[in-house]
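The block underneath contains the structure these notes are about, expressed in structure tokens.
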Amino acid sequence: MFRIAKNALVVFMITMLLIAPLASTAQAEEFFERQAPSGGMMIFDVVIIRPIGIVATAVGSVFYVITLPFSLLGGNSGEALDALIMEPAAYTFKRPIGEFPERTL
């Protein structure tokens, strides 16, 4: 079990290192006129980002089930559902291919 968790952590860290340079392009896009996504961005989205989104939705589902007793006691099961399952699922399945909207906190 520890080996699986260690491998998952390594994959997660590598993914984050690959995605980090995209953060600056998302901020720069705010100042420029939004254009239709290129073919390269669509391929990047389908090959790399969408599978990560599917994994994030599955992992969020597992953690939602694990934390459900605590969130029911705390009265925030709806917020947990939105944060752990609905947001990753919407980002993965409802977003147009190749478009990366900015997320405002």
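The values are calculated or read from the model by the stated rules, or taken from the named source; none is laboratory data. All values reported here derive from a predicted model rather than from experimental measurement. As a convention, Cβ positions derive from the backbone with ideal geometry for all residues, glycine included, and neighbour counts pool all protein chains shown.
Go through the range 61-105 and give me each residue that's closer than 23 Å to ASP45 by Cα and of a type in the set (A, V, I, L, M). Give the derivation first.
Taking the range 61-105 as the starting set, the residues that turn out to be closer than 23 Å to ASP45 by Cα are 61, 82-105.
Scanning the range 61-105 gives ALA83, LEU84, ILE85, MET86, ALA89, ALA90, ILE97, LEU105.
Could you run through the range 42-54 and say how many residues are of a type outside the set (D, E, K, R) and surrounded by 16 or more Cβ atoms within 10 Å (Cβ to Cβ)? Step through it out loud before you land on a result.
As a first pass, look at the range 42-54 and keep what is of a type outside the set (D, E, K, R): 42-44, 46-49, 51-54.
Then drop every residue that is not surrounded by 16 or more Cβ atoms within 10 Å (Cβ to Cβ), which leaves 44, 49, 52-53.
So the answer is 4.
Can GLY98 be described as small (Gly, Ala, Ser), in contact with a Phe, Trp or Tyr (Cβ under 9 Å, 6 or more places away or on another chain) and touching a residue at least 24 places away in the same chain (Cβ under 8 Å)? I'd like the intermediate steps shown before the answer.
On the way: small (Gly, Ala, Ser): yes; in contact with a Phe, Trp or Tyr (Cβ under 9 Å, 6 or more places away or on another chain): yes; touching a residue at least 24 places away in the same chain (Cβ under 8 Å): yes.
Judged against the criteria, GLY98 is a match.
Residue-by-condition table, conditions (1) hydroxyl-bearing (Ser, Thr, Tyr); (2) more than 24 Å from PHE100 (Cβ to Cβ); (3) at pLDDT 95 or above:
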| position | (1), (2), (3) |
| --- | --- |
| ASN7 | no, yes, no |
| THR15 | yes, no, no |
| ASP45 | no, no, no |
| ILE48 | no, no, no |
| PRO51 | no, no, no |
| LEU73 | no, yes, no |
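Looking only at the range 56-92, filter to residues that are part of a helix (DSSP H, G or I) and polar (S, T, N, Q); which one of those is surrounded by the most Cβ atoms within 10 Å (Cβ to Cβ)?
First pass over the range 56-92, keeping only residues part of a helix (DSSP H, G or I): 56-74, 77-92.
Of the ones still in play, those that are also polar (S, T, N, Q) are 57, 61, 67, 71, 77, 92.
On the way: THR57: 19, SER61: 15, THR67: 15, SER71: 16, SER77: 16, THR92: 17.
Ranking the candidates gives THR57 first.
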